[in-house]
Amino acid sequence: MNLTAESHRIPLSDGNSIPLLGLGTYADPQKTPKGSCLEAVKIAIDAGYRHIDGAFVYFNEHEVGQAIREKIAEGKIKREDIFYCGKLWNTCHPPELVRPTLEKTLKILQLDYVDLYIIELPMAFKALEACKDAGLAKSIGVSNFNRRQLEMIMNKPGLKYKPVSNQVECHPYFTQPKLLEFCRQHDIVIVGYSPLGTSRDESWVNVSSPPLLKDPVLNAIGKKYNKTAAQIALRFNVQRGVVVIPKSFNPQRIRENFQIFDFSLTEKEMQEIEALNKNVRYVELLMWRDHPEYPFNDEY
Ligand code: NAP
């Protein structure tokens, strides 16, 4: 795969494509000044990002939409250059709420469609297919699905569209070997969230797993290429076909996280990083622990 800053899209099973690097936009609304997301998305687009990951429940989708629209108005990009992924939150999952929630997102973004819309519960998938048919979402996918849930959808009688992607936690301390292999076999792209090991906000992150970016192996490999541990962690996933969506609202780090297309890791380094896997999640979604579809009770 010849990945460059200008060209790092990979195909999706429905004929569309997704940039391997995107900007994550979740930040605690209580602790984040208004406008931070707007500025971050504009800086990201100027730096070369063409993929933005957001959600209605992040409470900053209006800022994402404004940034995209301003950059289109400036002539920097066209709408079709940008890949925006929106998502439903669990509480919005009764099937009849899928389309209204997506329509709300489009109204907030002031855009006509999202490029990818993802859901977290299997029973809403039919409603999601209808959103693709209506042209509101170009592609449809899932998030935090385990193998059983993916199979449940794919074996559903009358399935019209397969999920093109599964957004799950993925980084050198949680490399997802089995889920990744299963998804590869079924042409489902893995989108890795928390690719830098999260913000370590104790209100939702399992901080018993050590900080990823302090890892000696990532830092030693980084030294060789004059790169940071963050850049090595991102390059590792991108090089094995996993999409990454690092969040930063800091101009310097937004640009740093994009500088991963001017070097490549050797096969041996890829294996060394793969061996860092601890199989421990930072993001356990414990608030959903008692839900019958809580995804993390299965091995993968
Ligand atoms: P992340 O991207 O792994 O890490 C973000 C944290 O790392 C922030 O505190 C950020 O701070 C810092 N950071 C960014 N670049 C850095 C660098 N080069 N060096 C050092 N620190 C750096 O974590 P995440 O926000 O959990 O995940 C990314 C995105 O995935 C989210 O924003 C969201 O869009 C998505 N997500 C989805 C789900 C889901 O259930 N589907 C769950 C979690 C996350 P600064 O902003 O100060 O740079």
- Item | Search result, residues across segment 197-226 that are within 12 Å of the ligand (Cβ to nearest atom) and aromatic (Phe, Trp, Tyr) | Trp204
- Determine whether Ser264 is more than 11 Å from the ligand (Cβ to nearest atom), among the small types (Gly, Ala, Ser) and within 22 Å of Arg184 (Cα to Cα). yes
- Go through segment 165-179 and give me each residue that's more than 12 Å from the ligand (Cβ to nearest atom) and under 21 Å from Phe125 (Cα atoms). Leu179
- Check Trp89 against each of (1) of a type in the set (A, V, I, L, M, F, W, C); (2) closer than 30 Å to Thr4 by Cβ; (3) within 14 Å of the ligand (Cβ to nearest atom); (4) in contact with a helix residue (DSSP H, G or I) (Cβ under 9 Å, 6 or more places away or on another chain) and name the one condition it does not meet. (2)
- Task: Among the candidates Ile18, Ile43, single out the residue that is out of contact with any Cys (no Cβ under 9 Å at 6 or more places or on another chain), outside any loop (DSSP other than H, G, I, E, B) and in contact (Cβ under 8 Å) with a residue 40 or more places away in the chain.
- Result: Ile43
- Within segment 117-158, work out how many residues are out of contact with any helix residue (DSSP H, G or I) (no Cβ under 9 Å at 6 or more places or on another chain) and surrounded by 15 or more Cβ atoms within 10 Å (Cβ to Cβ). 3
- Note on the structure: Of Thr105, Thr32, Thr25, Thr91, the only residue that is modelled with pLDDT under 95 and either crowded, with 16+ Cβ neighbours inside 10 Å or more than 19 Å from the chain's Cα centre (by Cα) (or both) is Thr91
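The values are calculated or read from the model by the stated rules, or taken from the named source; none is laboratory data. The structure displayed is predicted, hence computed values, not measured ones. Neighbour counts are summed over all protein chains in view; Cβ atoms, including those assigned to glycine, are modelled from backbone coordinates with ideal geometry.
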